[in-house]
Amino acid sequence: MVGPEPFIAVGPHTIRELLRKEERAGRERHWQQILGMYHARLLMGGYDLKRFKVVITLPRNKFRLLVAFYIGHCRLKKHLFNMGLASFANCRFCVMEPETPEHLLMNCTAVCRRRIKALGSMFPNRDCIAHLAPSKILKFIYILGLDESL
Ligand SMILES: [Zn+2]
């Protein structure tokens, strides 16, 4: 054996934990460096195993609805306008700003009361949005009546 004395072995749990930390850091670094996905970054923040386990066990229709809202590729006016399928991009509730998941969750003045009812806050900030439970976002979508149109 070559090296300083006394030799202290590294246990398998230490190695496993180091690999786990390295994998977690690599995943976070990849998420930060990848281009695009503005709405997903805003609504989900970073990777969250607890949220992943909740989302993956949702029924198919709720899963589809939530993922469409998370990534912004749904029948909200802004996305439809970008695709050339709508004549205007403004919000169907306030008609003041482009209708995006961000606008509905954070800024839309026309849905303040419904936002309080579903999310517990009138104007949640970005940090609050990133930590919202999927069930709250789904409740918000249902309260807005968007579940049929998304
Ligand atoms: Zn609005």
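What residue among 18, 105, 132 shows peak mean-square fluctuation when the chain is described by a Gaussian network model with Cα springs under 10 Å?
Per the Cα network of the chain with a 10 Å cutoff, 18 tops the list.
Rounded to two decimal places and with Rh computed the Kirkwood way over Cα pairs, what is Rg over Rh for region 37-144? It would help to have the intermediate numbers written out before the result.
Numbers: Rg = 13.4 Å, Rh = 14.1 Å.
Radius of gyration over Kirkwood radius for region 37-144 works out to 0.95.
Put +1 on the Cβ of every Lys and Arg and -1 on every Asp and Glu Cβ in region 1-97; which of 7, 43, 33 then has its Cα farthest towards the positive end of the dipole?
43
Rank these for me by crowding, 29, 64, going from fewest to most other beta carbons within 10 Å. Let's see the in-between values first.
Numbers: 29 10, 64 13.
The fewest-first ordering by Cβ neighbours comes to 29, 64.
Going by C-beta contacts inside 10 Å, put 74, 112 in order with the fewest on the left.
Details: 74 21, 112 14.
So the ranking, lowest neighbour count to highest, is 112, 74.
Report, in listed order, any pair from 21/78; 78/136; 53/117 with a Cα-Cα distance greater than 32 Å. Mind dumping the intermediate values first?
Working: 21/78 39 Å; 78/136 23 Å; 53/117 25 Å.
Over 32 Å Cα-Cα: 21/78.
Taking R0 as 41 Å, what's the FRET efficiency between residue 75 and residue 18 from their Cβ-Cβ distance, rounded to 0.05? Working shown, then result.
Values: r = 46 Å, r/R0 = 1.11.
The formula returns an efficiency of 0.35 here.
Bear in mind that the values in this text are calculations on the coordinates, not laboratory data. Just so we're clear, the structure is a prediction, and the values are computed from it rather than from any experiment. Here the Cβ is made from the backbone with ideal geometry for all residues, glycine too, and neighbour counts use every protein chain on show.
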